Amino acid sequence: MSERIVFESWQLVFPAVGIVLFMGVFLWVVFRVTRMKRPAVDHMLQLPMEQESSRPVSHVRTE
């Protein structure tokens, strides 16, 4: 199948390398997630999603 990939221009190599890198990282993350032990999953479930604070958020305008 790789014989069918013909690069007309050297610039087309960059998207191909990008897709291969993305797929490699994606598959690595999926592999790591599927291999996680249950205590690690339970620990991550207990982590807070946001920081709780009583001071106002600086990037929100109040008028």
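We did not get these values from a lab; they are worked out from the coordinates using the rules stated. Not measured: the values here are computed from a predicted model. No Cβ is skipped: glycine too gets one built from the backbone with ideal geometry, and neighbour counts run over all protein chains shown.
Computed extension length for Ala40-Leu21: 4.1 nm, one decimal, from 0.36 nm per residue of separation with the Cα-Cα distance subtracted. Note on Phe14 and Trp28: their simple-model spin labels are 2.2 nm apart, each label 7 Å out from Cα toward Cβ.
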